[in-house]
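Reading through the structure tokens given below for one structure.
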Amino acid sequence: MGWVLSVVNLWERTCSCREFQILTIPGSYAIAAVIKEGVRVDTLLGVSHTVPNLRFAYADMIMPVLDMATLAPSPSDVGGGKLAPPFVRMPPGRPRKRRLFSRGEIRITTRRRCTRCRSLGHNRATCRGPVQGP
């Protein structure tokens, strides 16, 4: 993985990746620069993302749609406004018995212990060692 250099100007709220300008919230490069400078991240949010503006946006009552039948379907609707389930094809072969682990997840392995000789790495059916007493 190579390094990507990005120019961040905290005073003008700009970044060369343009994420800061488009979203009006600091992107990953801007957050790294803010932490390095010791500035609080929430001071660089755009005005539209502040709590008073969000409260103002949802202050008025939002009226529900009364009758869906009276609305004309848009041309982008498939099947007259009815959404079909996604097409899922089962892969060939038998399903896995063990699941695939996610990145960062630790796989816990247990070692087999023979009940006959009490050593690790095999079981009673494949044991060739001497029998241990109780």
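How many residues does segment 1-48 hold that are β-branched (Val, Ile, Thr) and in contact with a helix residue (DSSP H, G or I) (Cβ under 8 Å, 6 or more places away or on another chain)? Walk me through it before giving the result.
Quick first cut of segment 1-48, residues β-branched (Val, Ile, Thr) only: 4, 7-8, 14, 22, 24-25, 31, 34-35, 39, 41, 43, 47.
Going one step further and asking which of them are in contact with a helix residue (DSSP H, G or I) (Cβ under 8 Å, 6 or more places away or on another chain), we end up with 8, 14, 24-25, 31, 34-35, 41, 47.
Counting residues in segment 1-48 that are β-branched (Val, Ile, Thr) and in contact with a helix residue (DSSP H, G or I) (Cβ under 8 Å, 6 or more places away or on another chain) gives 9.
Quick check on segment 38-63: of everything there that is among the hydroxyl-bearing types (Ser, Thr, Tyr) and in a loop (DSSP other than H, G, I, E, B), which residue is modelled with the highest pLDDT?
Applying the first criterion (among the hydroxyl-bearing types (Ser, Thr, Tyr)) to segment 38-63 yields 43, 48, 50, 58.
Next, only the ones that are in a loop (DSSP other than H, G, I, E, B) stay: 50, 58.
Details: 50: 84, 58: 87.
Across segment 38-63, the extreme among qualifying residues is 58.
Just for segment 17-52: of the residues that are acidic (Asp, Glu) and under 24 Å from the mean Cα position of the chain (by Cα), which one is surrounded by the fewest Cβ atoms within 10 Å (Cβ to Cβ)?
Top of the filtered list is 42.
Six or more apart or on different chains, Cβ atoms under 8 Å: show the pairs whose first residue is in segment 47-65 and within 19 Å of residue 20 (Cα to Cα) and whose second is surrounded by 10 or more Cβ atoms within 10 Å (Cβ to Cβ) and not hydroxyl-bearing (Ser, Thr, Tyr).
47/53; 49/25
So for segment 64-74 (the condition being modelled with pLDDT of 85 or more, of a type in the set (S, T, N, Q) and either surrounded by 10 or more Cβ atoms within 10 Å (Cβ to Cβ) or in a helix (DSSP H, G or I) (or both)), does at least one residue qualify?
Residues of segment 64-74 modelled with pLDDT of 85 or more: none.
No, every residue in segment 64-74 fails to be modelled with pLDDT of 85 or more, of a type in the set (S, T, N, Q) and either surrounded by 10 or more Cβ atoms within 10 Å (Cβ to Cβ) or in a helix (DSSP H, G or I) (or both).
Being modelled with pLDDT of 75 or more, exposed (fewer than 10 other Cβ atoms within 10 Å of the Cβ) and farther than 30 Å from residue 121 by Cβ, is that true of even one residue in segment 1-16? Step through it out loud before you land on a result.
Our first condition is that a residue be modelled with pLDDT of 75 or more; within segment 1-16, this holds for 6-16.
Applying the additional criterion that residues be exposed (fewer than 10 other Cβ atoms within 10 Å of the Cβ) yields 11-12.
Checking the rest, the ones that are also farther than 30 Å from residue 121 by Cβ come to 11-12.
Yes: segment 1-16 contains one or more residues that are modelled with pLDDT of 75 or more, exposed (fewer than 10 other Cβ atoms within 10 Å of the Cβ) and farther than 30 Å from residue 121 by Cβ.
The values are calculated or read from the model by the stated rules, or taken from the named source; none is laboratory data. From a predicted model like this one, the values you see are computed outputs, not experimental measurements. Virtual Cβ from ideal backbone geometry, glycine too; neighbours counted across all protein chains shown.
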